[in-house]
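Presented below is the structure to which this report refers.
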Amino acid sequence: MSQLALPLRLADHAVFASFLSTGNEVLVATLGDLADGRSRTGCWLWGPTAAGKTHLLQAVCDRAGDRSVYVPLGLFADADPRQLEGLASRDLVCLDDVDAISGNADWEHALFALCNQIHDADGCLLIAAETPPRATQIVLRDLGSRLSQLPAFQLRPLDDELRAAALQLRARHRGLDLPDETARYLLHRSRRDMASLYRLLDKLDIAALRAQRRLTIPFVRDVLNDIR
């Protein structure tokens, strides 16, 4: 990632093993094939904020290692588009938040140049956005045409039962036991988007470690009262 102005680190929890694939099995399998080098097609994944797009792109990079690069465009939208130069040297280029640079002529031309370089190098491009390719605000017609050729996958939203299951999966990945009743309790006493729930789990993990307590409802209730 030496071409980038900012140091980037993958989140330690952003791996395939901690992502609940229910409802998104085809997408997760496709990304696994890309990460393992069994496919070269690239893809476009889309869905609302906190649907898991960043998690999955980073999971691809975690598995692919130095063959890949992860770039959150939302962090670089105000920077020089030349940040993209040289990225085509990686087999897998994962660009998050492409919505952030849509409509910016300099960025769109830089991204189009990168697409061409990746194509010439027989690499793979993975894009994450809130909308499908044809619904983005990309102005450069050639870029829009190139990106629309990527297979597009919509991340399916989770219902409350699956949100609880996803939270428990993340807890197990961290070595925590999150009982069913505690998971349901959290869902009804916090924001229900997964990003907020995961941040809350991080805080509970730290509190439980310090207090040497299990994640029972009384303990969680006390922690929630303390952090509000």
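Bear in mind that the values in this text are calculations on the coordinates, not laboratory data. None of these values were measured; they are calculated from a predicted model. Please note: Cβ atoms are built from the backbone with ideal geometry, for glycine as well, and neighbour counts cover all protein chains shown.
Report P(r) for the chain: all Cα-Cα distances, bin width 5 Å, range 0 to the bin holding the largest distance, values in whole percent.
Binned Cα distances yield the sequence 1, 6, 14, 17, 17, 14, 11, 9, 6, 4, 1, 0.
In nm, to one decimal, how far is the modelled label at Asp106 from the one at Asp222, with both set 7 Å along Cα→Cβ?
For the pair Asp106/Asp222, the computed spacing is 5.4 nm.
All other residues with a Cβ under 13 Å from the Cβ of Ala113 taken together, and with Lys, Arg as +1 and Asp, Glu as -1, what is their net charge? Walk me through the numbers on the way to the answer.
Details: positive: Arg82, Arg146; negative: Glu85, Asp106, Glu108, Asp120, Asp142.
The answer is -3.
Considering amide H positions built from the backbone, and no H for Pro or chain starts, which residues 5 or more places from Cys43, or on another chain, come under 5 Å of its amide H?
Leu125, Leu126, Ile127
Going by alpha carbons, how many degrees (0 to 90, nearest 10) lie between the helix axis of 194-211 and the longest principal axis of the chain?
50
Note down the relative contact order for the chain as a percent, whole number, built from C-alpha pairs under 8 angstrom at least six residues apart. Walk me through the numbers on the way to the answer.
Working: 329 pairs, mean separation 50.0, N = 228.
It comes to 22 percent, rounded to a whole number.
Nearest 10 degrees is fine. How inclined is helix 53-64 to the longest principal axis of the chain, computing both from alpha carbons?
Roughly 80 degrees, rounded to the nearest 10.
What number, rounded to the nearest 500 deg cm²/dmol, is the helix-based mean residue ellipticity at 222 nm of the chain, given -39500 (n - 2.57) per DSSP H run of at least four residues and division by all its residues?
Numbers: 9 runs with 102 residues, N = 228.
-13500 deg cm²/dmol, from helical runs alone.
If you project the alpha carbons of region 5-123 onto their three principal axes, what span does each projection cover, largest first, in Å?
Sorted largest first, the three principal extents are 39, 30, 24 Å.
For the chain, find the longest principal axis of its Cα atoms and tell me its angle to the long axis of helix 217-227, 0 to 90°, nearest 10.
Roughly 60 degrees between the two axes.
Label-point separation (nm) for Arg141 and His119, each offset 7 Å from Cα along Cα-to-Cβ?
Computed distance between label sites Arg141 and His119 equals 1.6 nm.
When the Debye formula is applied to the Cα atoms of region 160-227, each taken as the same point scatterer, what base-10 log of I(q)/I(0) results at q = 0.11, 0.19 Å⁻¹?
So the normalised log intensities are -0.20, -0.64.
Report ³J(HN,Hα) in whole Hz for each residue of region 168-182, in order, from the Karplus equation J = 6.51 cos²θ - 1.76 cosθ + 1.60 where θ = phi - 60°; Gly and Pro get x.
5, 5, 4, 4, 4, 4, 8, x, 10, 9, 10, x, 3, 5, 5
So for each of 165-174, 150-159 I average, over its residues, the number of other beta carbons within 10 Å; can you give me the resulting order with the highest mean first?
Packing order, densest peptide first, comes out as 165-174, 150-159.
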